[in-house]
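Novice: I am attaching a structure below and will ask some questions about it afterwards.
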Amino acid sequence: MSTAPSTPAFSKEVGATGLLALPLVLGHVSTGLISFIDNVIAGHHSTQTLAAVTIGTALLWMPLLIPIGTLISLTASVSQLHGAGREREIGPLFRQALWLALGLGLIMFTFLSLVPAGLPAFGIAPEIVPGATGFLHAVRWGAPALTMYFCMRYLSEGMHWTLPTMLIGFGGLFVLAPLGYALAYGRFGMPELGAEGLGIASATMMWLQTLCFAGYLWKTRRFAHLNLFERFDGPRWPAVWDLLRTGLPIGITVLMEGGLFIVTALLIGRLGANEAAAHQIAINVAQLCFMIPMGVAEATTVRVGHAVGRRDSLGIRRAVWAGYAIILATQAMSALVLLFGHDAIVGVYTNDAVVAGLASILLLYAAAFQFPDGIQVVSAGSLRGLKDTRVPMFIAMFAYWGLGMPLGAGLGLGMGMGPQGMWIGLIVGLTAAAILMGWRLHRSSHSAAQQLLAARDTP
């Protein structure tokens, strides 16, 4: 990807990617606001409730990253079929993906049922364990709904239709906020359940969002020609295996990155409630910022996949560069907001001076990794569009767990730097991933372009 494409077509590609990405970004923001709402309600309830939600959220999302990442392969597959004019194959593929999503959701339910028993052995502070256990036992009921919701989302996004992601995502917040407040604080005749109440509210919202998305796909004329629900198909293991073969490396890649942040939260949880609460505030803000590059990356996946489907090597290059151009602008904005607004942002979450002071410092570290984080996620998204998933998995393992986590744990726990040391490890891991993912994309896109040109030249 040594040179950028010519200006008129490139500007058009930037516009197309931006329009596709905007609802995705807002949809991801709505997902990030789930944790924001939980954290604000928990933080004003008590510091221990916030710490419990911190640990519970970490143990919910860390394993969920594998099914969510695995299912995202559906986006690239649908986009390539759409670009190649093979839309008859999308309905059967979607029905098999739903079986995969349901299976992954049931595995998640089992995991969330068992993992709370191991919290004391992991060294989580004793005052945090009961609330985290209650949160996990409540939210586990929403796991199958959440995996099926993402499956339906990825189908819609692969067809270049991202508006439902935004609307249904924000619609769920209108359920979560009042219900979570009522159950956490015991308002409107409901019992005061603290962290457990927030878990119940989150699971309820997940099921309502899934039912809404299924109803939309059932009724909308936009997808009627795909015959998504025309018949009942049982599991076809070769098709499910094909989805797993492409998607599981993506899931592991996503886990490697997300797991770095989540394990960091669990390790900081060993330092005490104040440190865990401060980290949760800072990481929640960083995650909200990350929703922008994540949406751009998914849009880039769709644009690259569509270009591959129509055998357009120049279109692949334009799509990648458009993603990078948008990311450089958005990440600059995020870094500036964190640099100049960190104190005001933290004030929204908590009135505890000790927690607020530490969280404000950590947001300065978050500003430092905005550019590498954006570059690595868009590079990974472009590689997904090319269906290059195995090498990025190994890159993620090395960058996040060969470099980032050992350094962060050594500085934070071994040398006594606390949360600041752990966040230095995050910066190093993300920077290494940005460099290596960019290198892999250069090689993979060049190889894909050569294959497409050779296919055109073949009689």
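The values are calculated or read from the model by the stated rules, or taken from the named source; none is laboratory data. Computed from a predicted model, the values in this text were never measured in an experiment. Heads up, the Cβs are rebuilt from the backbone with ideal geometry, glycines too, and the neighbour counts pull from every protein chain shown.
Novice: If G341 satisfies all but one of (1) among the small types (G, A, S); (2) in contact (Cβ under 8 Å) with a residue 12 or more places away in the chain; (3) surrounded by fewer than 22 Cβ atoms within 10 Å (Cβ to Cβ), what's the number of the condition it fails?
Specialist: Single failed check for G341: (2).
Novice: Something else about it: Of all the residues that make up the stretch 120-150, how many are in contact with a helix residue (DSSP H, G or I) (Cβ under 9 Å, 6 or more places away or on another chain) and under 24 Å from L271 (Cβ atoms)?
Specialist: 16
Novice: Here is a further query. Can you name the condition, by its number, that R270 falls short on among (1) buried (at least 24 other Cβ atoms within 10 Å of the Cβ); (2) more than 23 Å from I90 (Cβ to Cβ); (3) charged (D, E, K, R)?
Specialist: Exception for R270: condition (1).
Novice: In addition: Kindly establish whether I283 is in contact with a His (Cβ under 8 Å, 6 or more places away or on another chain), under 25 Å from L50 (Cα atoms) and in contact (Cβ under 8 Å) with a residue 12 or more places away in the chain.
Specialist: No, not satisfied.
Novice: Could you check how many residues of the stretch 280-318 are closer than 21 Å to S156 by Cβ and either among the aliphatic types (A, V, I, L, M) or surrounded by 24 or more Cβ atoms within 10 Å (Cβ to Cβ) (or both)?
Specialist: Residues that pass the stated criteria total 18.
Novice: Taking W321 and the conditions (1) surrounded by fewer than 21 Cβ atoms within 10 Å (Cβ to Cβ); (2) touching a helix residue (DSSP H, G or I) at 6+ places or on another chain (Cβ under 7 Å); (3) closer than 30 Å to M417 by Cα; (4) modelled with pLDDT of 90 or more, which numbered condition does it fall short on, given that it satisfies the others?
Specialist: (3)
Novice: Do you know which of the residues in the stretch 165-191 that are surrounded by fewer than 19 Cβ atoms within 10 Å (Cβ to Cβ) and either of a type in the set (V, I, T) or closer than 19 Å to L136 by Cβ (or both) is modelled with the lowest pLDDT?
Specialist: Per the criteria, the residue is P191.
Novice: Given (1) crowded, with 21+ Cβ neighbours inside 10 Å; (2) over 16 Å from M405 (Cα atoms); (3) at pLDDT 80 or above, where does T246 come up short, assuming only one miss?
Specialist: (1)
Novice: What tally of residues in the stretch 7-54 results from selecting those that are within 30 Å of G197 (Cα to Cα) and without any contact (Cβ under 8 Å) to a residue 40 or more places away in the chain?
Specialist: The qualifying residues number 0.
Novice: Would you mind stating whether R140 is part of a helix (DSSP H, G or I), out of contact with any Phe, Trp or Tyr (no Cβ under 6 Å at 6 or more places or on another chain) and charged (D, E, K, R)?
Specialist: no
Novice: Could you please give the count of residues in the stretch 134-168 that are of a type outside the set (A, V, I, L, M) and under 28 Å from A307 (Cα atoms)?
Specialist: 14
Results for (1) buried (at least 24 other Cβ atoms within 10 Å of the Cβ); (2) over 13 Å from the mean Cα position of the chain (by Cα); (3) of a type in the set (A, V, I, L, M, F, W, C), shown as yes or no for each residue.
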position	(1), (2), (3)
S46	no, yes, no
T49	yes, yes, no
A52	yes, yes, yes
T57	yes, yes, no
P63	no, no, no
P67	yes, no, no
T70	yes, no, no
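Novice: Now, a different point. Return yes when L363 is surrounded by fewer than 18 Cβ atoms within 10 Å (Cβ to Cβ) and of a type outside the set (K, R) and no when it is not.
Specialist: Spelling it out, it is not the case that L363 is surrounded by fewer than 18 Cβ atoms within 10 Å (Cβ to Cβ) and of a type outside the set (K, R).
Novice: Something else: Hand me the list of helices (runs of 4 or more DSSP H) wholly inside the stretch 59-137 holding 3 or more residues that are closer than 16 Å to S202 by Cβ and at pLDDT 90 or above.
Specialist: Passing ranges, in order: 90-114.
Novice: With the structure loaded, tell me whether G385 is surrounded by 19 or more Cβ atoms within 10 Å (Cβ to Cβ) and farther than 30 Å from S46 by Cβ or whether it fails that test.
Specialist: The answer is yes for G385.
Novice: Here is a further query. Being within 30 Å of A42 (Cα to Cα), crowded, with 21+ Cβ neighbours inside 10 Å and hydroxyl-bearing (S, T, Y) is the requirement here; does S379 meet it?
Specialist: No: the conditions fail for S379.
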